[in-house]
Amino acid sequence: MTAPPGRTPHMTRRTLVVVRLVAMVAVALGLAAFRDGRDHARGESQQLVLPDTNAIPPEVVDAGRRVFHGQGTCFACHGPSLEGGPIAPTLRPHQWKDAARGELGAIHFVVTHGVKGTAMVSHPGGISDADAVRVAVYVWAVSHRGAKP
């Protein structure tokens with residue numbers, strides 16, 4: 001019995017599907033590593049620098065808004081308008097508990113490290129380090145500059 005090109009006689013349709021899925025995931029991780037500067041294979045990342053809060057372009061705030069309301073799933077606990085709820089605090093102007101006075105660096109630390117004993121996890125939704133910067137900038141801009149939630 002001869003097998004079609006690319007298949008061995010013992011390869012079932014299910015095995016072929018699994019092999020293709022694994023290949024697709026490997027390619028996706030490679031693209032993600034390229035996009036966010038992280039070498040997923042070694043767990044290394046480039047040093048990311050937080051922007052100067054006096055010169056944050058609107059496109060960075062918009063990008064953070066998309067992550068907050070998308071892959072980051074932050075809105076699920078903090079609310080669609082950052083108003084907070086029973087699980088998580090407001091991210092609008094308030095007395096900050098876990099992020100010293102709501103400074104950008106402190107907000108970024110919470111996004112990248114989580115808050116022990118709460119539902120706040122590190123890199124919510126599996127976001128990249130670069131997306132964590134974007135989310136922190138967005139939250140900072142809403143709470144300090146009145147940016148649209």
(request) Inspect all residues belonging to the stretch 101-118 and state whether any of them is touching a residue at least 60 places away in the same chain (Cβ under 8 Å), in a helix (DSSP H, G or I) and farther than 16 Å from L48 by Cα. (result) no
(request) Could you tell me which residue of the stretch 119-149 is modelled with the lowest pLDDT, considering only residues that are among the charged types (D, E, K, R) and part of a helix (DSSP H, G or I)? (result) R145
(message) So in the stretch 90-107, with the set limited to residues that are modelled with pLDDT of 85 or more and of a type in the set (G, A, S), which one is least open to solvent (accessible area, probe 1.4 Å)?
(response) A106
(request) Give the stretch 114-149 a look and list any residue that's farther than 16 Å from H78 by Cβ, surrounded by fewer than 20 Cβ atoms within 10 Å (Cβ to Cβ) and within 12 Å of the chain's Cα centre (by Cα), or say none. (result) G126, D129, A130
(request) Please find, among V67, V61, V110, V49, the residue that is open to solvent by less than 70 Å² (accessible area, probe 1.4 Å) and at pLDDT below 95. (result) V110
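The values are calculated or read from the model by the stated rules, or taken from the named source; none is laboratory data. Remember, predicted model here, so these are calculated numbers, not experimental data. Neighbour counts are summed over all protein chains in view; Cβ atoms, including those assigned to glycine, are modelled from backbone coordinates with ideal geometry. Side chains included, ligands, DNA and RNA excluded: accessible areas come from the protein's heavy atoms. Shrake-Rupley method; radii C 1.70, N 1.55, O 1.52, S 1.80 Å.
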